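The values are calculated or read from the model by the stated rules, or taken from the named source; none is laboratory data. The structure presented is a predicted model; accordingly, all values stated were derived computationally and were not measured. Ideal geometry is used to build each Cβ from the backbone, glycine not excepted, and the neighbour counts take in all protein chains shown.
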Amino acid sequence: MDFNPKYTVTPKLLNNIKEITRLTTLLNNKRFSKPIKMRLEKNAISLSVYSSTSIEGNPLPLTEVKIILKNKPEHLRNTEKEVINYNDALIYLRKNIGKLANLNKKLVLDTHKKVMKGLLESDDFENYRKVPVVVNNPRTGEVVYMPPDAKDVTGLMKALITYVNKNKGEIDPIILAGLFHKQFVIIHPFVDGNGRTARLITKFLLAGMGLDTFNLFSFENYYNKNVTKYFHNVGVSGNYYEIRERIDFTGWLEYFTDGIIDELIRVSKELEKFGTNPGTSLKDHDRKVLKHIEEYGYITDSDYSKITDRAKATRALDFEKLRKLGLIKRKGKGRATYYTYE
């Protein structure tokens, strides 16, 4: 059982890949302080969690998702479990970037297990699905796609993983990640959680293939802007065995790369805010505060007074500005007040 995807490198796809390379190079070459990076990463993670769970119908707004990720309540509703689970899976994959030479079945199963923890029976975590599934139109309930039989899933997933590993260095990594994403959805290897797992592993593949943006961008955000369009592009209609020879990945790859470009541009604009917006741009005295925290772990007003000639009232405003930007946090009270990143 082999995977031989049909696609064409159209002028649009080629131009998209060139633009992604350009934008990624610019982002990877930018140097910004640790607190700015931490803020961008935190925002991107929240956006990824919110977007990917929202795509699957989770009704929680971004503001509530951020609160859940920050406070992590003990007694969780299913909607909250989905949020915590996706975040845990992101953390798990981030730890494995660079550690694994190749994609493997264990990584896929472990990712799915984290995504669906407390939402599926434990037996459904041990392997790929053992039962038939169908994909319904969420509005009408009509069956729109019949995935492969359960008996063929293991072979199809093995072929897909082998294809990705074998073609590293041979096929453009962005195309390879895109091919994986759609084929994973086509195979539908699990009873539930296929979309979230596909997006997570795709994100992992992009990071492992040189796109150093795992913590900074959320291509899930692009899909969530128009979920109907995403499902139309990533999915197929009909019976798998009747359409498999006719599946063409070209349109999906163009859409997939459009999404990456859209998100890289968003991240670039976020970075620009710290250089062009009067309310958020960092001055020399702001950088001195951040540098001191990087070196010593914290800063007090007394410390700040020794490295700047700004008046006490002005120093208080400086700290408040950085705090409102989410770059530092105030700890302690009164004379024991100090500022740090955590």
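Just wondering, is there one or more residues in the stretch 19-39 that are surrounded by fewer than 19 Cβ atoms within 10 Å (Cβ to Cβ), within 20 Å of Gly178 (Cβ to Cβ) and of a type in the set (D, E, K, R)? Looking through the stretch 19-39, at least one residue is surrounded by fewer than 19 Cβ atoms within 10 Å (Cβ to Cβ), within 20 Å of Gly178 (Cβ to Cβ) and of a type in the set (D, E, K, R). Checking the condition over 22 Å from Ile260 (Cα atoms), at pLDDT 85 or above, in a helix (DSSP H, G or I) and touching an Asp or Glu at 6+ places or on another chain (Cβ under 7 Å), which residue from Lys114, Lys70 passes? Criteria check complete, one pass: Lys114.
Listed by first and then second residue, the pairs with beta-carbon distance under 9 Å, at least 6 apart or on different chains, first residue in the stretch 136-160 and free of Cβ contacts under 8 Å to residues at least 60 places away in the same chain and among the acidic types (Asp, Glu), second surrounded by fewer than 19 Cβ atoms within 10 Å (Cβ to Cβ) and assigned to a strand (DSSP E or B), are Glu142/Asn136. Filtering the stretch 285-327 to residues that are closer than 12 Å to Tyr341 by Cβ and touching a Lys or Arg at 6+ places or on another chain (Cβ under 7 Å) leaves Glu294, Arg323, Gly326, Leu327.
Lys117 meets each of the listed conditions (1) buried (at least 16 other Cβ atoms within 10 Å of the Cβ); (2) free of Cβ contacts under 8 Å to residues at least 40 places away in the same chain; (3) under 22 Å from Arg244 (Cα atoms) apart from (3). Scanning the stretch 260-271 turns up no residue that is at pLDDT 95 or above, closer than 21 Å to Asp172 by Cβ and assigned by TED's automatic domain parsing to the domain that holds Phe204. Screening the stretch 234-261 for residues that are of a type outside the set (D, E, K, R) and free of Cβ contacts under 8 Å to residues at least 40 places away in the same chain and picking the one that is farthest from Phe219 (Cα to Cα) gives Ile243. Among all residues of the stretch 130-150, there is none that is among the small types (Gly, Ala, Ser), outside any loop (DSSP other than H, G, I, E, B) and within 26 Å of Glu254 (Cα to Cα).
Selection of the stretch 1-57 for residues being assigned to a loop (DSSP other than H, G, I, E, B), of a type in the set (D, E, K, R) and touching a residue at least 12 places away in the same chain (Cβ under 8 Å) yields Asp2, Lys30, Glu56. What number of residues within the stretch 82-103 satisfy the criterion of being at pLDDT 95 or above and not in a helix (DSSP H, G or I)? Result for the stretch 82-103: 0. Reported count of residues in the stretch 126-146, each being buried (at least 17 other Cβ atoms within 10 Å of the Cβ), within 26 Å of the chain's Cα centre (by Cα) and farther than 20 Å from Leu100 by Cβ, is 2. For the stretch 225-252, the set of residues classified as under 18 Å from the mean Cα position of the chain (by Cα) and surrounded by 18 or more Cβ atoms within 10 Å (Cβ to Cβ) consists of Tyr230, Val234, listed by residue number. Can you confirm whether Leu211 is assigned to a loop (DSSP other than H, G, I, E, B) and either under 17 Å from the mean Cα position of the chain (by Cα) or modelled with pLDDT of 95 or more (or both)? Against the criterion (assigned to a loop (DSSP other than H, G, I, E, B) and either under 17 Å from the mean Cα position of the chain (by Cα) or modelled with pLDDT of 95 or more (or both)), Leu211 qualifies.
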